[in-house]
Amino acid sequence: MTDQDELFHRTSLEEAVNALRRDLLADGGPRISTMRNYRFAILPYRPVDEFKLRKLIRHLSDDLKAEGWGVLAISLQKLLLDRIRASGGKELQRLIDRERRLFEKGPNANGPQRALDDLRQTIAQHVEGPSGIAADVITLIEEFAAKAPDDTDRTLILLGRAGALYPFFRSSALLKHIDGKTRNIPVVLLYPGERRDTTALSFMGELMSDRDYRPRIYP
């Protein structure tokens, strides 16, 4: 067993979700962070556990709603697809055709990698930066918060389906762009990837370990 496998072995996904539940329902309000004005947390899980994670989070959401909480689940996959579709049918077809042409050049011409790099660069224009997906997340949070402006201690935002952003966008960048714009509502990023040590995360277990995270990593 590798060190990273051992890290996952020590703490099950169920234990991580239960720890999050306890901290959300803590006396005196949610305590998912040591900083009152920075209510972000990350719950990492192995990509192969995607459906298990969804089931556990659905149960958590149901329990919170039963306690009178407002819970907003934001699908980053949907936001990405909405952004791509908004570019128009012709632009989308052009993107598909170009990716196919580059890929079909074959491995000798480095076609597959060129196709991926071109696709990454094109999609990044739609999703990166403060005016990309981060802006869509902020809008959804603001609209949801407006329904109960004085109840931030009983509101939760779940950012899920983050795997759809791979390899076009790093989730650490997303958190940076929405920082300070969430009305201090607790926000939990459901993170598909590997925890390499206490502070390092590898998105989808494929990218280099990223230590550029301020939020608490559960458990």
Problem - Filter result for the condition that a residue is at pLDDT 90 or above and assigned to a helix (DSSP H, G or I), over Leu95, Leu116, Leu81, Leu56 - result: Leu56
Practice task
Identify, from the list Arg154, Arg161, the residue that is at positive phi, out of contact with any Cys (no Cβ under 9 Å at 6 or more places or on another chain), modelled with pLDDT of 90 or more and not small (Gly, Ala, Ser).
Solution key: Arg161
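For the range 149-193, which positions are of a type outside the set (Ser, Thr, Tyr) and assigned to a helix (DSSP H, G or I)? Full working, then the answer.
Residues of the range 149-193 that are of a type outside the set (Ser, Thr, Tyr), as a first pass: 149-151, 153-154, 156-165, 167-170, 173-181, 183-190, 192-193.
Result: Asp153, Arg154, Ala162, Gly163, Ala164, Leu165, Ala173, Leu174, Leu175, Lys176, His177, Ile178.
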Problem - Looking only at the range 140-151, and only at residues there that are modelled with pLDDT of 90 or more and among the small types (Gly, Ala, Ser), the one that is surrounded by the fewest Cβ atoms within 10 Å (Cβ to Cβ) - result: Ala146
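Out of everything in the range 168-181 that is touching a Phe, Trp or Tyr at 6+ places or on another chain (Cβ under 8 Å) and of a type outside the set (A, V, I, L, M, F, W, C), what residue ends up being farthest from Thr122 (Cα to Cα)? I'd like the intermediate steps shown before the answer.
To start, the set of residues in the range 168-181 that are touching a Phe, Trp or Tyr at 6+ places or on another chain (Cβ under 8 Å) comprises 170-172, 175, 179.
Filter again for of a type outside the set (A, V, I, L, M, F, W, C), leaving 170-172, 179.
Numbers: Arg170: 15, Ser171: 18, Ser172: 20, Asp179: 26 Å.
Ranking the qualifying residues of the range 168-181, first place goes to Asp179.
The values are calculated or read from the model by the stated rules, or taken from the named source; none is laboratory data. Computed from a prediction, not measured in an experiment: that's the story for all the values here. Positions of Cβ are generated from backbone atoms using ideal geometry, with glycine treated the same way; all protein chains shown enter the neighbour counts.
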